[in-house]
Amino acid sequence: MNDAASTVPALLRLDTLRVGYAAVGGLHIAVDGVSLTLARGEIGSLLGPSGCGKTTVLRAIAGFEPLQAGRVELDGVVLADARSALPPERRRVGMMFQDYALFPHLDVAGNVGFGVRAPSRAARQARVREALERVGLADHAARYPHELSGGQQQRVALARALAPDPALLLLDEPFSNLDIDTRQRLAGELRALLKAAGTTVLMVTHDQAEAFAMADRIGVMHAGRLLQWDDAETLYRHPVDRFVAGFVGRGALVHGAPLGLGEDVDVLLRPESVVVEAGGPIRAHVVDTAFRGPGFVARARLADDSVIELELPPGCAVRPGDTLGLRLIDDDPVGFPR
Ligand code: ADP
Ligand code: MG
């Protein structure tokens, strides 16, 4: 695992975290052996399918779930291990929940001020105002949650998590309640806002585009395990695990033999790894085509029955059932032993 940030001391350090839930017949282990570090000011994201343990990692860091094993360390302080745990309110960790969990009977200022401990009423109001200014909602302090759009509710939840000035901010699926159009734009805006504030963040999402838009480092999780923890480009270009190869980016693992790369290897073919070329050495049968913009995409079946996606060159008219020639143009494809 890449730990290139070792010149910057880690702010957050998870060491072989193991978290389970009581279940019929014993403990259900939801997070198993997760280790990672995050430097001050970095934005990290856990990425993986529903149920893989992302929220559980955040809840363990925030202090809502005990550890079976391992350790959580923030700024040199042990927050929790298998024997001891600081209560959530002493961890300097802010969490924004997936459903925002705003208090419907409190106005925006009331929501944001909820967890703020300040020496005076004026100091508390100043903290609330500052947090609302950061998220661009200073003029909405007297509104109630139901009077706000989804995007505004998200920003109130963010202001509430930021107001106590946490050392670490946790965001659980921050865009899941927003419509698709808004998500892409808000991911960029949220990243800019958090970077401007210098906030250290660990977020979770099941959406690769969100993780790529937001995070400096991304961890791919599957079935409670963290498979790889790297920057977006490294995950895409050098996945170290078959699941990561399949989950991040478009592409398929195909048998090396029909590509002339050997019997004992599976190779990651991305749409950009091959070109359609009359007389190309790899044979593929077109399954179907679709217009994706700016061009057409075809799904094609190779000799080993794997199906890959191809970007068709302009003017290349193909139909289901056609045979295509392909040429591999990636001279260093990612391979996994069979
Ligand atoms: P994710 O956030 O990646 O969707 P979770 O961390 O919520 O995944 O869940 C991981 C696993 O733990 C799942 O199998 C889920 O069913 C189980 N789980 C989550 N919360 C609880 C709970 N409160 N009690 C029992 N099992 C739970
Ligand atoms: Mg979750």
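The values are calculated or read from the model by the stated rules, or taken from the named source; none is laboratory data. Note that this is a predicted model, so its numbers are computed, not measured. No Cβ is skipped: glycine too gets one built from the backbone with ideal geometry, and neighbour counts run over all protein chains shown. The protein model used for the area step is the full one, side chains on, heavy atoms only, and it has no ligands, DNA or RNA in it. Shrake-Rupley method; radii C 1.70, N 1.55, O 1.52, S 1.80 Å.
Between Gln184 and Arg338, take the C-beta separation as r, use R0 = 51 Å, and let me know the FRET efficiency to the nearest 0.05. Rounded to the nearest 0.05, the efficiency is 0.85. Pick from Gly151, Gly44, Gly76: which is most flexible by mean-square fluctuation in a GNM of the chain where alpha carbon atoms under 10 Å apart are linked? Most flexible of the set in this elastic network: Gly76. Near Leu47: Cβ cut-off under 12 Å, other residues only, Lys/Arg at +1 and Asp/Glu at -1. The net charge is -2.
Neighbours of Asp216 by Cβ distance under 9 Å: Lys/Arg scored +1, Asp/Glu scored -1, total -1.
Could you tell me what percent of the DSSP beta bridges with both partners in the chain are antiparallel, to the nearest 5? Percentage antiparallel, nearest 5: 75. Full extension of the segment from Asp264 to Asp75, taken as 0.36 nm per residue of separation minus the current Cα-Cα distance, would add 63.5 nm. Counted by Cβ distance under 9 Å from Phe175, the other residues give a net charge of -2, where Lys and Arg count +1 and Asp and Glu count -1. Modelled spin-label separation between Ala126 and Thr323, with each label point placed 7 Å from Cα along the Cα-to-Cβ direction: 7.9 nm.
Highest mean first, the peptides 259-271, 180-192 sorted by other C-beta atoms within 10 Å per residue fall in the order 259-271, 180-192.
Net charge dipole, the chain: roughly 1220 debye, given to the nearest 20, about the Cα centre with Cβ charges of +1 for Lys and Arg and -1 for Asp and Glu. Rolling a 1.4 Å probe over the protein heavy atoms of the chain, with every protein chain left in place, gives an accessible area that is 50 percent carbon and sulfur.
Both radii come from the Cα set of the chain: Rg as radius of gyration, Rh as Kirkwood radius; their ratio Rg/Rh reads 1.06. Mean sequence separation of contacting Cα pairs (under 8 Å, at least six apart), scaled by the length of region 187-338, corresponds to a relative contact order of 19 percent. Evaluating 6.51 cos²θ - 1.76 cosθ + 1.60 at θ = phi - 60° for every residue in region 23-38, the Karplus couplings come out as 9, 4, x, x, 9, 9, 7, 9, 9, 9, x, 7, 10, 6, 10, 10 Hz, glycine and proline recorded as x.
For the chain, modelled as a GNM whose springs connect Cα atoms under 10 angstrom apart, the maximal fluctuation among Arg127, Arg292, Arg327 occurs at Arg292. When the chain is described by a simple charge dipole with +1 on each Lys and Arg Cβ and -1 on each Asp and Glu Cβ, the residue from Val220, Gln152, His255 located farthest towards its positive end is Gln152.
Distance from the C-alpha centroid of region 79-117 to that of region 309-323: 53 Å, rounded to the whole angstrom. Think of a 1.4 Å ball rolled over the protein heavy atoms: region 250-338 then has 55 Å² of accessible area per residue.
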